[in-house]
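The values are calculated or read from the model by the stated rules, or taken from the named source; none is laboratory data. What you are looking at is a predicted structure, and each value in this text was computed from that prediction instead of being measured. Virtual Cβ from ideal backbone geometry, glycine too; neighbours counted across all protein chains shown.
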Amino acid sequence: MSIASPYELLKQMDARCRENSTGLPVASGIDEDWLGIGFAINDLPLLAKMEDVAEILPMPATIRVPGVKPWVLGLANIRGNLMPVLDMNGYLYGKPSNIRKESRILIINRQAMAACLLVDEVFGLRRFKPEEHRQEVTPDTGTLGDYLSGIFVDQVRSWNVFSVEKLTRTEQFLRVV
């Protein structure tokens, strides 16, 4: 009887393990959670897709630009880039925002358009399962309803999904003069 070398023993052990293994579990059909940033416009809780918001900042100093619509608050220097600061209450409801310490700007960068959207307040990251999305939206949202694409509900409140894509495709939003 010959004694097997350590290498031969390892090969035999490997062969037995492969014969008796069931394999690793396959991650099929796993849906990614829907991630969004919670914020408010006109006291209505909203969500924007995580990938639509590049940054969240306090209201920066702005330089007024003559001849633009009243909801264009001016230009702000954000890390060396001049960006328009747009008052979402002013745009959607025709009344200027009451800028408070909770007010924030959401920096969007969509379809080669970078802008700062002034909102009432930011609530932070929100996570939902995709199957929790419903198509209806909160009634009586005024012109904001044109930019909503469904709703998510958590234990505290209903969140309307705000579509930055719809906003940046709207001719009225793009014409600031």
| query | In the stretch 151-169, what residues are surrounded by 14 or more Cβ atoms within 10 Å (Cβ to Cβ) and over 19 Å from MET88 (Cα atoms)? | reply | ILE151, PHE152, SER158
| query | What number goes with the only condition from (1) exposed (fewer than 14 other Cβ atoms within 10 Å of the Cβ); (2) at pLDDT below 90; (3) closer than 30 Å to PRO70 by Cα; (4) out of contact with any helix residue (DSSP H, G or I) (no Cβ under 8 Å at 6 or more places or on another chain) that GLN172 does not pass? | reply | (2)
| remark: Residue count, the stretch 97-117, condition in contact with a helix residue (DSSP H, G or I) (Cβ under 6 Å, 6 or more places away or on another chain) and surrounded by 14 or more Cβ atoms within 10 Å (Cβ to Cβ), comes to 5
| field | Boolean, LEU92 is touching a Phe, Trp or Tyr at 6+ places or on another chain (Cβ under 9 Å) and without any contact (Cβ under 8 Å) to a residue 60 or more places away in the chain | value | yes
| request: Return the total of residues in the stretch 33-73 being under 23 Å from SER163 (Cα atoms), of a type outside the set (Lys, Arg) and either more than 21 Å from the chain's Cα centre (by Cα) or not in a loop (DSSP other than H, G, I, E, B) (or both). | output: 26
